[in-house]
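The values are calculated or read from the model by the stated rules, or taken from the named source; none is laboratory data. These figures come from a predicted structure and were not determined experimentally. So basically every Cβ, Gly included, is an ideal-geometry build from the backbone, and we count neighbours across all protein chains shown. The protein model used for the area step is the full one, side chains on, heavy atoms only, and it has no ligands, DNA or RNA in it. Shrake-Rupley method; radii C 1.70, N 1.55, O 1.52, S 1.80 Å.
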Amino acid sequence: MQIAKNSVVTLEYVLKDDSGTIIDQSTGDEPFAFIHGVGGIIPGLESALEGKQADDELSVTIEPDQAYGQRDDALIAEVPLERFEGVEEIQEGMQFHTASEDGTPHIVTVVDISDGVVKVDGNHPLAGVTLNFDVKVLEVREATAEELDHGHVHGPGGHQH
């Protein structure tokens, strides 16, 4: 079966940046499974996988515009420390859920703390990064009606419930 919209794809991958540093990987013990064509992975990788089948291997470079986008300095903000009520100790690298003025949820990362001000960055950590994937397709199957209804894969490599 070929990878197409609403198929469940199980794969192994190694993700590297342009300097060859491994950013993430999923191998034998923990394969990655997703429903193709529903926005569960970055657009560039989804396009590269279209039409592939079990046992296919590929190496693909994904530019930021087809991954997590370009960095946007407008997503960096300085927030008074007192806005972090209930958090005992703020540290660089911590992430918090917040909402924009229109209520859209966002995750921000603390990038600096000084003089009672916390600088947060709302960019995805991989924004502006060219991504290099080495992928092996392990399995392709049709998604069940329940998986499509829930929006995620059930069973090994997917959601367990």
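Details
- Rg/Rh ratio calculated on Cα atoms of the stretch 40-79 (Kirkwood radius): 1.21
- List R83, R141, R71, ordered by accessible area with a 1.4 Å probe, largest first: R83, R71, R141
- Among P105, P64, P125: highest mean-square fluctuation, GNM of the chain, C-alpha pairs under 10 Å: P105
- Over the chain: helical MRE at 222 nm, DSSP H runs n ≥ 4 each giving -39500 (n - 2.57), nearest 500: -2000 deg cm²/dmol
- Computed over the chain with a Gaussian network model linking Cα atoms closer than 10 Å, the most mobile of E139, E63, E30 is E30.
- Kirkwood Rh in Å, taken over all unlike Cα pairs in the stretch 90-161: 16.3 Å
- Over the chain: Kirkwood hydrodynamic radius from C-alpha pairwise inverse distances, Å: 17.9 Å
- In the stretch 32-92, the GluC sites (Glu not before Pro) that fall in loop regions by DSSP, at most 10 other Cβ within 10 Å: E85, E88, E89
- Pairs of lysine residues in the chain - Cα separation under 23 Å, sequence separation of 8 or more or cross-chain: 5
- Note on V117: accessible area approximately 50 square angstrom, rounded to 10, probe 1.4 Å, nucleic acids and ligands left out.
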